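This report refers to the structure that appears directly beneath it.
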Amino acid sequence: MKIQKTGQPIRVRADHVLEVPPYPLIPVIEGDGVGADITPVMRKVVDDAVFKAYGETRALIWHPVEAGGGARCNSSQTHPLPEETLEILKQEVVAIKGPLETPVGRGWRSLNVAIRQALDLYACVRPIRHFPGVVTPVRHPEDVDMVVFRENTEDIYTGIEWPMGSDETVRLLRFLTSDLGVAPLRFPLTTAIGIKPVSREGSQRLIAKAIQYAIDADRRSVTLVHKGNIMKYTEGGFCQWGYELAEASFGARKREGKRGLWFVNPVTGREIHIQDMIADNFLQQALLQPAQFDVIATLNLNGDYISDALAAQVGGIGIAPGANIGDGTAVFEATHGTAPDIAGQDSANPCSMLLSAEMLLRYIGFREAADFLVTGIRGALAHGFWTPDLIRAAQNAKGGDQGEQPVTLAETGFTLHPVGTRGMGEAVMLYMDVPGALG
């Protein structure tokens, strides 16, 4: 299947609605580590899904751009996130990327955070759902069906921090104690300082996107997750501003003797409940009674923890997609790391990247292609086509030895078929033509 077409960039109207041509240009960043394994598989599978859905009347025109290790190794670039790449992402609006390396405690700051901040991609959207056949550590993973909206541009991820012993830290500690009356810290000489900015505007635009998603997807609740009991003006402000927005912009109202707000979905007529919960209690309740939650809106750090913790309940981040979305502009991404220890071994799970591509297809209105893609993933997983990470997770969940392999899948009875990265891609394409494969 070869489609030779000239791609055109997606445009964003003044009302933030996308204008998508039949052959949109889609920037793609291969990524570091296993990015070189999973990204080509993603492209091949997505091309197949789009062709199955539309023949030659539509296609994604991939536009490879550089970031991460490749930006330094393959060109004269000295920085891992070239300005040229950022400009392309801005101009062509919707992109997808593999994992990017971020050194710990040294080197450049997170490239993922840099992209989000440069493009103002303020909403990190992480759907968390279980696929039949995947063995997990919990008894009822099918009860986990949430979409996490994580604020992407504020909180401690802004990178406003100074190391221990620096002039800036000394001056800031002096200012805090002498000018603002803060009690002296216990260990001032060995203290590093970070700043946690949280704004009303930044909080409300994220919460508005979460509530609008609940309306569009006919979800029943939006939970504001925070630590306002401790950080009253930042995390507490997030919660307060969320309720104020729900009242002012969506007509939500209180009910006597009940916690939270309610309003009627203007599309379906069903009620939507706006509620809040302290983050530590949420993590406990999400493990014990996940079915009570639906759409989650939270700040940056909380969202990082929450989305990965929920992913563990449905099979791990290898099958957890993600998107970073602003007012039109969006970058979809694999949610796992670069995994350099398995790079180049054809063993990485491509499903996070594939499911992120499914989100991309829906975002640009290629829904039929997205349906083919998710049908293929569901069918492949349910019929036992598993990469090594899924096999290990199943062994651990059952308390088995790492060297043992389960022979059959309890839910489906199909024989296990261990596959690598490319093999998983082939299996997904195989099952695209099986509508609703095993659910």
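Of the residues Gln395, Phe149, Gly133, the one whose Cα sits farthest toward the positive end of the charge dipole of the chain, with +1 on the Cβ of Lys and Arg and -1 on the Cβ of Asp and Glu, is Phe149. For the chain, the antiparallel share of DSSP beta bridges with both residues in that region comes to about 45%. The tail of the calculated P(r) for the stretch 111-189, taken as Cα-Cα distances beyond 21 Å, holds 60 percent of the pairs.
Taking amide H atoms as placed 1.01 Å from N in the peptide plane, the amide H of Ile296 lies under 5 Å from those of Val147, Val148, Phe149, Thr223, each 5 or more residues away in sequence or on another chain. In a DSSP loop and with at most 11 other Cβ atoms within 10 Å, the trypsin sites (Lys or Arg not before Pro) in the stretch 134-224 are Arg139, Arg186. Solvent-accessible surface of the chain, averaged per residue with a 1.4 angstrom probe and all protein chains in place: 46 square angstrom. Across the stretch 317-393, Cα-Cα pairs farther apart than 16 Å form 55% of the total. The alpha-carbon atoms of the stretch 233-274 define a convex hull whose volume equals 74 cubic angstrom per residue.
Just so you know, the Rg over Rh for the chain is 0.98, from Cα atoms, with Rh as the Kirkwood radius. Over the stretch 351-401, all Cα pairs binned in 10 Å intervals from 0 give whole-percent P(r) values of 24, 40, 24, 11, 1, listed from short to long. Relative to one another, the C-alpha centroids of the stretch 199-222 and the stretch 28-45 are positioned 31 Å apart. Ligands, DNA and RNA left out, the accessible area of the chain computed with a 1.4 Å probe is 52% carbon and sulfur. Each residue of the stretch 143-239 gets 138 Å³ once the volume of the Cα convex hull is shared out per residue. 3J(HN,Hα) couplings calculated from phi for the stretch 192-206 with the Karplus curve 6.51 cos²θ - 1.76 cosθ + 1.60 (θ = phi - 60°) are, in sequence order, 9, 10, x, 10, 10, x, 9, 10, 5, 5, x, 5, 6, 5, 5 Hz; Gly and Pro show x. Multiplying the residue separation of His417 and Arg171 by 0.36 nm and subtracting their alpha-carbon distance yields 82.5 nm.
Exposed loop positions in the chain were taken to be GluC sites (Glu not before Pro) whose DSSP state is not H, G, I, E or B and which have at most 14 other beta-carbon atoms within 10 angstrom. Between these positions, the longest stretch is 57-255.
Around the amide H of Gln8, modelled in the peptide plane, lie the amide H atoms of Tyr23, Leu25, all under 5 Å away and 5 or more residues distant in sequence or on another chain. Sequence neighbours fewer than 8 away in the same chain don't count; with that in mind, list the lysines whose C-alpha is under 28 Å from Lys5. Within the straight-line limit of under 28 Å, Lys5 reaches these lysines: Lys44, Lys52, Lys90, Lys97. In loop segments of the stretch 222-324 as defined by DSSP, the trypsin sites (Lys or Arg not before Pro) with at most 16 further C-beta atoms inside 10 Å of their C-beta are Lys232, Lys254, Arg255, Lys258, Arg259, Arg270. The dipole here belongs to the stretch 191-280: it is taken about the Cα centre, uses +1 on the Cβ of Lys and Arg and -1 on the Cβ of Asp and Glu, and is about 100 debye.
For the pair the stretch 223-240 / the stretch 325-394, the C-alpha centres are spaced 33 Å from each other.
Accessible-area rank, largest first, for Leu360, Leu301: Leu301, Leu360, with all protein chains present and a 1.4 angstrom probe.
Direction-averaged projected area, Cα convex hull, the stretch 268-366: 8.9 nm², rounded to one decimal. Only loop residues by DSSP count here, and only those with at most 14 other Cβ atoms within 10 Å; note down the chymotrypsin sites (Phe, Trp or Tyr not before Pro) in the stretch 185-254 that meet that. Sites meeting the loop and neighbour criteria: Tyr233.
The values are calculated or read from the model by the stated rules, or taken from the named source; none is laboratory data. Predicted model, so just to flag it, every value in this text is computed and none were measured. Ideal geometry is used to build each Cβ from the backbone, glycine not excepted, and the neighbour counts take in all protein chains shown. Note: accessible area is taken over every heavy atom of the protein model, side chains too, but ligands, DNA and RNA are not part of it. Shrake-Rupley method; radii C 1.70, N 1.55, O 1.52, S 1.80 Å.
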